[in-house]
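Notes for the one structure printed next.
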Amino acid sequence: MYSYLILQNPGHNRVYYNLAAELALAELTIASERFNTECKNLSVKEIKGVRYINVQTESELSEQDIDTVSRLSFVFAIYREEERDGVSYLTPVAATNYHYIDDKISSLQKYQGKTNELFTKMMINVALLSSDFDYTDEINLLDPVAGRGTTLFEATVYGFNACGIEIEPKPVTDANLFFKKFIEAERYKHRSDKRQVYGRNKSEAIYISEFEYAKTKDLFKDEDNRKVLGLINGNSSDTDKYFKRNSFNLIVGDLPYGIAHGNTTVNRGSGTRNPSELLNSCAPAWSKVLKQGGTVVLAWNSFVASRQRLTQIFESNGFTVLNTEAYNRFEHMVDKSIKRDIIVAKKN
């Protein structure tokens, strides 16, 4: 039996960090389904007051397994635990450097209502690991409630193509300006464009602001090497009008939690506190643009809508909601009015 200890990322805020062990075990359990070796006894272990996530395996983790572990949201350092003469020794294991864009991108923006970027990263991992796709595939991700783009920016770290829809114009403008400044400062070769994606006339016109970028000029010369980030100021219930069928591998979004971040559903300006109404209006369109075997992962306030109701909506639109034990371990309190949970639905 082999034993590995994973030191948790200290970047969590205190409230999130105190909850993070349970979330980490759920994320790792889902990831371990992809490992080349069987995992046992996933648990929390404290050594000299320092908390680790412990995983025991039948054989050594393969290079591919280490690559998967390296990408998990809670991972700060990985150790192999060995006992010699009754003493435990921790040997560092080299993590994979998978970053296409520096992961500082998501932590630079500060604003009220922003989701913890590590939680966002966890949702992306759960989405991919629950799908029929892999980190080595060309992944296209959609955030249908994009806000100022945290999910999109986390996707760029992985080298995914990312598109978002946001109904309010200011967050779209802010996200575009931020990303432009960031890739200019990081000296990425890029090109930006704004083009119409929907509308029969000027009054109906919907546009996408899109960046094509690559690490170097040489990579940028080949269109196949370019990455894409795009943002649409539009209504998520019209997703299938903006994008072609089967455009995305993953849909990941953090639904509005209440009055301060009120949902807007079918009509611009019509607010609702209930995420089930947003899902009900948008799921048919999301299903059309998602590839078969792709997944939708949504975070929502379970005080406002039940998991059972969201499950019913997904299932009526051709999805299977994943309900094994690990998928039911993500619920946690954010404050007295918000109990956050995630739901994972796979397109049949």
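The values are calculated or read from the model by the stated rules, or taken from the named source; none is laboratory data. Predicted model, so just to flag it, every value in this text is computed and none were measured. Here the Cβ positions follow ideal geometry from the backbone for every residue, glycine too, while neighbour counts run over all protein chains shown.
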- Message: Considering only segment 316-326, I want to know if a residue exists there that is crowded, with 16+ Cβ neighbours inside 10 Å, assigned to a strand (DSSP E or B) and either in contact (Cβ under 8 Å) with a residue 12 or more places away in the chain or touching a helix residue (DSSP H, G or I) at 6+ places or on another chain (Cβ under 8 Å) (or both).
- Response: yes
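Can you find a residue that is part of a strand (DSSP E or B), among the acidic types (Asp, Glu) and within 22 Å of the chain's Cα centre (by Cα) anywhere in segment 204-219?
yes
Somewhere in segment 167-178, is a residue surrounded by 23 or more Cβ atoms within 10 Å (Cβ to Cβ) and not aliphatic (A, V, I, L, M)?
To start, the set of residues in segment 167-178 that are surrounded by 23 or more Cβ atoms within 10 Å (Cβ to Cβ) comprises 172, 175.
With the extra rule that they be not aliphatic (A, V, I, L, M), the set shrinks to none.
The answer is no; no qualifying residue exists.
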- Message: Taking the conditions exactly as written (in the same structural domain as Arg340 (by TED's automatic domain parsing) and either surrounded by fewer than 19 Cβ atoms within 10 Å (Cβ to Cβ) or touching a Leu at 6+ places or on another chain (Cβ under 7 Å) (or both)), does Ser73 satisfy them or not?
- Response: no
- Note on the structure: Among (1) part of a helix (DSSP H, G or I); (2) without any contact (Cβ under 8 Å) to a residue 60 or more places away in the chain; (3) not polar (S, T, N, Q), Lys45 falls short only on (1)
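Taking the condition more than 22 Å from Gly234 (Cα to Cα), modelled with pLDDT under 95, in contact with a Pro (Cβ under 7 Å, 6 or more places away or on another chain) and surrounded by fewer than 22 Cβ atoms within 10 Å (Cβ to Cβ), does Val304 pass? Talk me through it step by step, then tell me what you get.
Numbers: more than 22 Å from Gly234 (Cα to Cα): yes; modelled with pLDDT under 95: yes; in contact with a Pro (Cβ under 7 Å, 6 or more places away or on another chain): yes; surrounded by fewer than 22 Cβ atoms within 10 Å (Cβ to Cβ): yes.
Here the answer is yes, as Val304 does meet what is asked.
Of Thr150, Thr115, Thr68, which residue is buried (at least 22 other Cβ atoms within 10 Å of the Cβ) and under 22 Å from Lys181 (Cα atoms)?
That would be Thr150, the only listed residue that is buried (at least 22 other Cβ atoms within 10 Å of the Cβ) and under 22 Å from Lys181 (Cα atoms).
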- Message: Looking at segment 180-202, I want the residues that are under 17 Å from Tyr100 (Cβ atoms) and have a partner that is of a type in the set (D, E, K, R) and in a loop (DSSP other than H, G, I, E, B) with Cβ atoms under 8 Å, at least 6 apart or on another chain. Which pairs are those?
- Response: Glu186/Asp102; Tyr188/Lys215; Lys189/Lys215
- Which members of segment 248-296 meet the condition of being β-branched (Val, Ile, Thr), at pLDDT 95 or above and part of a strand (DSSP E or B)? Ile251, Val252, Thr295, Val296
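Yes or no: Ser62 farther than 19 Å from Tyr135 by Cβ and either within 21 Å of the chain's Cα centre (by Cα) or among the small types (Gly, Ala, Ser) (or both)?
Working: farther than 19 Å from Tyr135 by Cβ: no; either within 21 Å of the chain's Cα centre (by Cα) or among the small types (Gly, Ala, Ser) (or both): yes.
For Ser62, the condition - farther than 19 Å from Tyr135 by Cβ and either within 21 Å of the chain's Cα centre (by Cα) or among the small types (Gly, Ala, Ser) (or both) - is not met.
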- Message: Here's a check for you: in segment 92-106, which residue that is surrounded by 11 or more Cβ atoms within 10 Å (Cβ to Cβ) and polar (S, T, N, Q) is nearest to Thr136 (Cα to Cα)?
- Response: Thr96
- Message: Given the condition free of Cβ contacts under 8 Å to residues at least 24 places away in the same chain and part of a loop (DSSP other than H, G, I, E, B), answer yes or no: does some residue in segment 236-247 qualify?
- Response: no
